[in-house]
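Written out below as structure tokens is the structure these notes cover.
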Amino acid sequence: DWSSDVCSSDLGFSYLNLKKDGNTDTLAKVSLSPDFKFKGIDLGLDLNIYVPFDKASNHDLNWVSLRHIGYDYKRRHGFKWGRLKNVTLGYGLLMDSYDSGAAGNTEFTTKKAGFLGYTSYKKVKVTGMFTGTQTQAGRIAYQLLDSTPVFGSPLIVGATVVNDVDGVNTTIGNNTITRPAQLGYAVDAGIQIGSTRLNSSHSSVSRMPSSA
């Protein structure tokens, strides 16, 4: 990995087993995934090289693809479309470091994409998210106090809801992962001390529908 104030990048290596017309081709994949950030604009690309080239040409592969695009204005208004990574809502009671493209192989598809948007008005901030895998989430936060006694930091209260509409049913290697649809709610309150947050109180209620 390497990074700067404007650009950061990940370098990855993987192997793919692709089937076509009854034949299986094994390809080596080298990926460079640069992220560019400039004046609020956030752009992510995937640059892929497949070896051997002659076998790779037999398959519909993404050599260059747009991984994500977004914009942020002073952390008050913004959006991001594409692969969503490290998404945490509130204090992570329901969603912590979520990755919309974590399952399956390393190829980016629109099914692994999602949309995250947020906006603020005075002391209220609203965040919404939905993904191609039918995960939906929303949060509303309100700055109840501008300054708390002792700590002098704002007191922020919030409510979060996360809905996994169709659960998980996927195969990774020889392992099959299944999980029923889930719906969860959480409310929280917290203050910030230095660079970390301390939850002064929190509670959550969730519903776990039974699988068919």
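The residues of region 135-146 that are open to solvent by less than 70 Å² (accessible area, probe 1.4 Å) and among the aliphatic types (A, V, I, L, M), listed by number, are ALA137, ALA141.
Scanning region 52-79 for residues that are among the polar types (S, T, N, Q) and outside any loop (DSSP other than H, G, I, E, B) turns up just one, SER65.
Within region 147-195, the set of residues being farther than 30 Å from SER14 by Cα and open to solvent by 90 Å² or more (accessible area, probe 1.4 Å) comprises PRO149, VAL150, PHE151, TYR185, SER195.
The set of residues in region 28-44 that are out of contact with any Ser or Thr (no Cβ under 9 Å at 6 or more places or on another chain), open to solvent by less than 50 Å² (accessible area, probe 1.4 Å) and assigned to a strand (DSSP E or B) contains only ASP42. Residues in region 61-78 include none that are more than 26 Å from MET129 (Cα to Cα), open to solvent by 90 Å² or more (accessible area, probe 1.4 Å) and among the hydroxyl-bearing types (Ser, Thr, Tyr). Across region 113-134, what is the number of residues that are over 21 Å from ALA159 (Cβ atoms), open to solvent by less than 50 Å² (accessible area, probe 1.4 Å) and out of contact with any Leu (no Cβ under 9 Å at 6 or more places or on another chain)? Of the residues in that region, 2 qualify.
The values are calculated or read from the model by the stated rules, or taken from the named source; none is laboratory data. Keep in mind that what you see is a predicted model, and the values were worked out from it rather than measured. Virtual Cβ from ideal backbone geometry, glycine too; neighbours counted across all protein chains shown. Just so you know, the surface numbers come from the protein's heavy atoms only, side chains and all, with ligands and any DNA or RNA stripped out. Shrake-Rupley method; radii C 1.70, N 1.55, O 1.52, S 1.80 Å.
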